[in-house]
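Participant: Please read through the structure below; I'll follow up with questions.
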Amino acid sequence: MTEYYQLALKWFEYVVVVTPVALVFALGLPALLNRKLPEPSINRLVQVTTTIGLVASLGVLACMLLLDIQHDILDLGNWVAIHDHGQSHGTEAGFHFLVKFVFDRLSMPFLIMTYVLCGTIGAFASRYMHREQGYNRFYVQYAFFLLGLVTAGLAGTIETLFAGWELVGLSSTLLIVFFQDRPAPARNGLRVWVVYRVSDACLLLAAIVMHHMLGAGDFDILLGHESWPDGHAHGVTMNQAVAVGFLLLAAAAGKSALVPFSGWLPRAMEGPTPSSAVFYGALSVHLGAYLLLRVTPVLEMSIYLSAATFALGLITAAYGSLAGRVQTDIKAALSFASLAQVGVIVAEIGAGGFGPWFAWLRYVALIHLIGHAFLRTLQFVRAPSLLQDYRTLENAIGSRLPRPGAEKGAAPSHAHLWLYRAALERGYLDALLTDYVVYPFVRTFRFFDGIERRWTDLLAGRASRESDDINPTSGKIEELS
């Protein structure tokens, strides 16, 4: 009987991984061939694939419980293997792109949550996006998002994680600019894309450092073969753990909109409501926190790293709570409410590294993450009809509904005014990033571009670039913010 359970476990694991790939091909290939599928066919494909993925996920969970397994590996081997010059084949030297998936007590809840929420939003979007121009495009990007999230959630190596991380970022950004005939979504999508690039660069640097230290990007080598959260970092010194840990923390901060990258989250609400609900209210915004949960053995090696994670979470929670109080549209208010909760989750993860007495906070963070994702999805999906219900109710009673009064705190009036301005300007984070991060890069690039331009003009004996006459933007860089 045990052999049958083990065979079923592997079969379910393959189905979980292959299902989103099949959805990408089923929706993407007709779009590439300019043969758009009708809406009912798309809806059936999404319903069937998410249902199969969810059933297979539950099958994996059932088999693991029956076999009393807390940590199982699906190894698809090296997809890229570059050996060092002079090394014999078959050694571990060189670079290996190992595709490996981990099924454990951390990835299984995240996987089941992903399929449940994506299936719910897929069904909701079939009505919300009905007859919308770009209906097929929405679902193609939805399929890539589901594939990226399943890949990142189950990743057993940092290379696999990076592949899923990129798919999530790319599909999320494309959905922000879904309404591409308006300038605001394109501007906000560009801002989000730039922040994602910073996050991706930090994750890529962490992968390089891991390969340099361990010769591989396998999480089992770094975090041990024990089931989450009982793993312990192996083969790295304190300083190496701090270096990798801070890079991963920066990557998580960009992906989860932690301070100072928080400005992109309300901008991401330019996309359709279904994408706002599942991407920025439920799943994508939690991916950074999920990464920190995965690498908790690295965080707990240094009290400074745990303290930095804890402090970053608290600062983000305070910032999200403050900025959310002055928002005038419901999607922006919900985005800052999500940010505040993500900050608390990150603070719980950081506090879990303060010692064995606080290790239980990792479970609290995981439960908090899942509960918050479901609640926020419900709120985002309910938001459009809630406003209509309010208007209908006010028309029925013939007067305005009572509004909650302003909260009065203990701070003096000048402090209230300063806090109000800071909240209204969203903590001036965008202005600080623009003035102290973006402008130095722009000035540096313009300086070298000027040198190159003068040199090419000198060699050509005239203006050497036809592109000089083209103005790609109609405004200054401040207008892109």
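The values are calculated or read from the model by the stated rules, or taken from the named source; none is laboratory data. The model shown is predicted, which means the values in this text are computed figures rather than measured ones. Neighbour counts run over all protein chains shown; Cβ positions are idealised from the backbone, glycine included. To get the accessible areas, we keep the full protein, side chains included, count just its heavy atoms, and leave off ligands, DNA and RNA. Shrake-Rupley method; radii C 1.70, N 1.55, O 1.52, S 1.80 Å.
Yes/no matrix, rows are residues, columns are (1) at pLDDT below 90; (2) open to solvent by less than 60 Å² (accessible area, probe 1.4 Å); (3) not β-branched (Val, Ile, Thr):
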{"residue": "LEU58", "(1), (2), (3)": "no, no, yes"}
{"residue": "MET64", "(1), (2), (3)": "no, yes, yes"}
{"residue": "SER88", "(1), (2), (3)": "yes, no, yes"}
{"residue": "ARG105", "(1), (2), (3)": "no, no, yes"}
{"residue": "CYS118", "(1), (2), (3)": "no, yes, yes"}
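Participant: Any residue at all in segment 435-455 that's within 19 Å of TRP264 (Cβ to Cβ), assigned to a helix (DSSP H, G or I), open to solvent by 90 Å² or more (accessible area, probe 1.4 Å) and out of contact with any Leu (no Cβ under 6 Å at 6 or more places or on another chain)? Explain how you work it out, then say what you get.
Facilitator: Residues of segment 435-455 that are within 19 Å of TRP264 (Cβ to Cβ), as a first pass: 435-439, 441-442.
Narrowing further to those that are assigned to a helix (DSSP H, G or I): 435-439, 441-442.
If we keep only those that are open to solvent by 90 Å² or more (accessible area, probe 1.4 Å) as well, we get 436, 441.
Still in the running and out of contact with any Leu (no Cβ under 6 Å at 6 or more places or on another chain): 436, 441.
Yes; the residues of segment 435-455 include at least one that is within 19 Å of TRP264 (Cβ to Cβ), assigned to a helix (DSSP H, G or I), open to solvent by 90 Å² or more (accessible area, probe 1.4 Å) and out of contact with any Leu (no Cβ under 6 Å at 6 or more places or on another chain).
Participant: Now for a separate question. Do you know which residues across segment 159-204 are in contact with an Asp or Glu (Cβ under 8 Å, 6 or more places away or on another chain), of a type in the set (A, V, I, L, M) and surrounded by 23 or more Cβ atoms within 10 Å (Cβ to Cβ)?
Facilitator: ILE176
Participant: If the requirement is being within 20 Å of ARG294 (Cα to Cα) and of a type in the set (Gly, Ala, Ser), which of these qualifies: GLY134, GLY153, GLY189, GLY119?
Facilitator: Values: GLY134 fails: within 20 Å of ARG294 (Cα to Cα); GLY189 fails: within 20 Å of ARG294 (Cα to Cα); GLY119 fails: within 20 Å of ARG294 (Cα to Cα).
Matching residue, one of GLY134, GLY153, GLY189, GLY119: GLY153.
Participant: Which condition does LEU33 not pass, out of (1) open to solvent by 70 Å² or more (accessible area, probe 1.4 Å); (2) in contact (Cβ under 8 Å) with a residue 60 or more places away in the chain; (3) farther than 29 Å from SER227 by Cα, if it passes all the others?
Facilitator: In the conditions (1) open to solvent by 70 Å² or more (accessible area, probe 1.4 Å); (2) in contact (Cβ under 8 Å) with a residue 60 or more places away in the chain; (3) farther than 29 Å from SER227 by Cα, LEU33 misses (2) alone.
Participant: Taking the stated definitions as given, is PRO404 at pLDDT below 80 and either aromatic (Phe, Trp, Tyr) or part of a helix (DSSP H, G or I) (or both)?
Facilitator: Numbers: at pLDDT below 80: yes; either aromatic (Phe, Trp, Tyr) or part of a helix (DSSP H, G or I) (or both): no.
Taking the combined requirement at face value, the residue does not satisfy it.
Participant: If you don't mind, there's one more thing I want to ask. Go through segment 26-48 residue by residue and tally those that are in contact with a helix residue (DSSP H, G or I) (Cβ under 9 Å, 6 or more places away or on another chain), under 15 Å from GLN141 (Cβ atoms) and in a helix (DSSP H, G or I).
Facilitator: So the count comes out to 8.
Participant: Another question, if that's okay. Does LEU214 satisfy the condition of being farther than 21 Å from GLY355 by Cα, touching a residue at least 40 places away in the same chain (Cβ under 8 Å), touching a helix residue (DSSP H, G or I) at 6+ places or on another chain (Cβ under 6 Å) and open to solvent by 30 Å² or more (accessible area, probe 1.4 Å)? Don't jump to the end; show me each part of the working.
Facilitator: Working: farther than 21 Å from GLY355 by Cα: yes; touching a residue at least 40 places away in the same chain (Cβ under 8 Å): no; touching a helix residue (DSSP H, G or I) at 6+ places or on another chain (Cβ under 6 Å): yes; open to solvent by 30 Å² or more (accessible area, probe 1.4 Å): yes.
Here the answer is no, as LEU214 does not meet what is asked.
Participant: Say whether the condition of being in a helix (DSSP H, G or I), under 15 Å from the mean Cα position of the chain (by Cα) and in the same structural domain as GLY119 (by the TED database) is met by at least one residue in segment 181-190. If you could, list the steps in order and put the result at the bottom.
Facilitator: If we filter segment 181-190 for residues that are in a helix (DSSP H, G or I), which is where we start, we get 183-190.
Filter again for under 15 Å from the mean Cα position of the chain (by Cα), leaving 189.
Right, trim to in the same structural domain as GLY119 (by the TED database) and you get 189.
Checking segment 181-190: at least one residue is in a helix (DSSP H, G or I), under 15 Å from the mean Cα position of the chain (by Cα) and in the same structural domain as GLY119 (by the TED database).
Participant: I'd like the residue in segment 1-25 that is more than 27 Å from TYR142 (Cα to Cα) and of a type in the set (Ser, Thr, Tyr) and, out of all such residues, is most open to solvent (accessible area, probe 1.4 Å).
Facilitator: So the residue we want is TYR4.
Participant: If you go through segment 1-46, how many residues are over 30 Å from LEU67 (Cα atoms) and either modelled with pLDDT of 90 or more or small (Gly, Ala, Ser) (or both)?
Facilitator: Our first condition is that a residue be over 30 Å from LEU67 (Cα atoms); within segment 1-46, this holds for 23-46.
Right, trim to either modelled with pLDDT of 90 or more or small (Gly, Ala, Ser) (or both) and you get 23-31, 38-46.
So the answer is 18.
Participant: Residue check, VAL195 against (1) of a type in the set (A, V, I, L, M); (2) in contact with a helix residue (DSSP H, G or I) (Cβ under 6 Å, 6 or more places away or on another chain); (3) under 28 Å from THR19 (Cβ atoms), all met but one. Which one?
Facilitator: Of the numbered conditions (1) of a type in the set (A, V, I, L, M); (2) in contact with a helix residue (DSSP H, G or I) (Cβ under 6 Å, 6 or more places away or on another chain); (3) under 28 Å from THR19 (Cβ atoms), the odd one out for VAL195 is (3).
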